[in-house]
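Asker: Here's a structure for you.
The values are calculated or read from the model by the stated rules, or taken from the named source; none is laboratory data. None of these values were measured; they are calculated from a predicted model. So basically every Cβ, Gly included, is an ideal-geometry build from the backbone, and we count neighbours across all protein chains shown. Note: accessible area is taken over every heavy atom of the protein model, side chains too, but ligands, DNA and RNA are not part of it. Shrake-Rupley method; radii C 1.70, N 1.55, O 1.52, S 1.80 Å.
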Protein chains: 2
Amino acid sequence: MTASAAQTSLRKLAGNGAARRIDTDEIGVDALVGHAGYAVRRFQIWIFQDFIRTLGDVDIRPTQYSVLTVIGANPGLSQMAVAKRLGIERARLVHLLDSLEQRRLVKRIKSKTDRRSHALHLTGQGETALAKFKRLAAEHERHVEARIGKANRERLLQILADFT
Amino acid sequence: MTASAAQTSLRKLAGNGAARRIDTDEIGVDALVGHAGYAVRRFQIWIFQDFIRTLGDVDIRPTQYSVLTVIGANPGLSQMAVAKRLGIERARLVHLLDSLEQRRLVKRIKSKTDRRSHALHLTGQGETALAKFKRLAAEHERHVEARIGKANRERLLQILADFT
DNA sequence: GAAGATTGTTGTTGACGACAACAATTGTCC
DNA sequence: GGACAATTGTTGTCGTCAACAACAATCTTC
């Protein structure tokens, strides 16, 4: 992020079509700096990339991790319940579960009380896998701490607590 | 957000296929609460939705707004320069500029010093339009303040300052 | 039992990030 | 000065993701 911004040079015009070399960090974005959404977007991109990279060996993305975590902590939930809790479209959750079920991490069990819905459970290997994922996720979280500072990370979690 | 979570009911199993009714906010996500990425993702979704809604009348999305703002503050930049500064793929910026140019907000001028590149400028109506967009964006920012508090918003901007 | 709501599913659309390839042009190096 | 590498804008593909819409099967409600 800081690395890629340092060595790039480009052109800036004087009048209309002319241009002189300038550095990327010379470009003013003053109007954007005051916008929370812009800062949050850039940060979110960084944090997701680090998560994906840190959990790269086990091939688990943030959304998959959140689904596994919720099912692990609340076995038997319906797809509707998981979707609502995580703010995921139930249509999207179908594909997520298809993938996780193919990898034998999750199983859909037909509910006996409501034959429309499925009770979601982790498989045996799903549980051991999730334990490993959580260790890697904790490592990712340490990267976040190293990037923005321990106190800032905690303050951030505090500020955004009721969005979870 | 708080509204939609309140009245939903679903099922929770006792053993395997059985289930009892519970509320959405009864579902534990303890493991997720400690993750900065999850909180940031949920917040980012909220903040973008509010931005899109607030700038809905003028049909401007966050990315388009950031492009217009950078060009407005630094007229004559090349596409490469804008893309690098905003962390956008230059391939993606092509389509963004196509759209903005069709709407007569931006114009691409062939650079005289480097015939490969274009110098980007706002049109006349692009400038007046951007002024209006900025007023609406400020209104959106007030929504953020109302949601997380004035002090928290400023602290957030401070924490994430070097991601912009 | 009929009418309406819910659940999982399939499909479409559009925004977006990541890559790869290409022609035109510029920069570099011998 | 001329071959070779790098850059710029462009086009294209692929996969992720949010937002809808429609549908069959199954509850709920009255």
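Rundown of residues vs (1) surrounded by fewer than 19 Cβ atoms within 10 Å (Cβ to Cβ); (2) out of contact with any helix residue (DSSP H, G or I) (no Cβ under 7 Å at 6 or more places or on another chain); (3) within 19 Å of residue B:41 (Cα to Cα), yes/no style:
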| residue | (1), (2), (3) |
| --- | --- |
| A:59 | yes, yes, no |
| A:79 | no, no, no |
| A:104 | yes, no, no |
| A:110 | yes, yes, no |
| A:124 | yes, yes, no |
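Asker: Kindly check whether there is at least one residue in the stretch A:74-89 that is more than 11 Å from every other protein chain (Cβ to nearest Cβ), among the basic types (Lys, Arg) and within 12 Å of DNA strand C (Cβ to nearest atom).
Answerer: No, every residue in the stretch A:74-89 fails to be more than 11 Å from every other protein chain (Cβ to nearest Cβ), among the basic types (Lys, Arg) and within 12 Å of DNA strand C (Cβ to nearest atom).
Asker: Out of everything in the stretch A:90-129 that is within 11 Å of chain B (Cβ to nearest Cβ) and among the hydroxyl-bearing types (Ser, Thr, Tyr), what residue ends up being farthest from DNA strand C (Cβ to nearest atom)?
Answerer: In this case the residue turns out to be A:113.
Asker: Does residue A:43 meet the test of being aromatic (Phe, Trp, Tyr), part of a helix (DSSP H, G or I) and open to solvent by 30 Å² or more (accessible area, probe 1.4 Å)?
Answerer: no
Asker: Which residue is farthest from the other protein chains (Cβ to nearest Cβ), if the candidates are limited to the stretch B:46-65 and must be of a type in the set (A, V, I, L, M, F, W, C) and either away from DNA strand C (no atom under 13 Å from the Cβ) or in a loop (DSSP other than H, G, I, E, B) (or both)?
Answerer: Residue satisfying both the conditions and the ranking: B:58.
Asker: For the stretch A:98-122, give me each residue that is within 12 Å of DNA strand D (Cβ to nearest atom) and of a type outside the set (Ser, Thr, Tyr).
Answerer: A:98, A:100, A:110, A:112, A:114, A:115, A:116, A:118
Asker: Which condition from (1) in contact (Cβ under 8 Å) with a residue 12 or more places away in the chain; (2) open to solvent by less than 30 Å² (accessible area, probe 1.4 Å); (3) under 30 Å from residue A:163 (Cβ atoms); (4) not acidic (Asp, Glu) is the one that residue B:132 breaks?
Answerer: Against the list (1) in contact (Cβ under 8 Å) with a residue 12 or more places away in the chain; (2) open to solvent by less than 30 Å² (accessible area, probe 1.4 Å); (3) under 30 Å from residue A:163 (Cβ atoms); (4) not acidic (Asp, Glu), residue B:132 comes up short only on (2).
Asker: Filter the stretch B:130-143 for residues that are at the interface with chain A (Cβ under 9 Å from one of its Cβ atoms) and within 16 Å of DNA strand C (Cβ to nearest atom) and give the result.
Answerer: B:137, B:140
Asker: So, of the residues in the stretch B:65-77 that are touching a helix residue (DSSP H, G or I) at 6+ places or on another chain (Cβ under 8 Å) and small (Gly, Ala, Ser), which turns out to be surrounded by the fewest Cβ atoms within 10 Å (Cβ to Cβ)?
Answerer: Here the residue is B:73.
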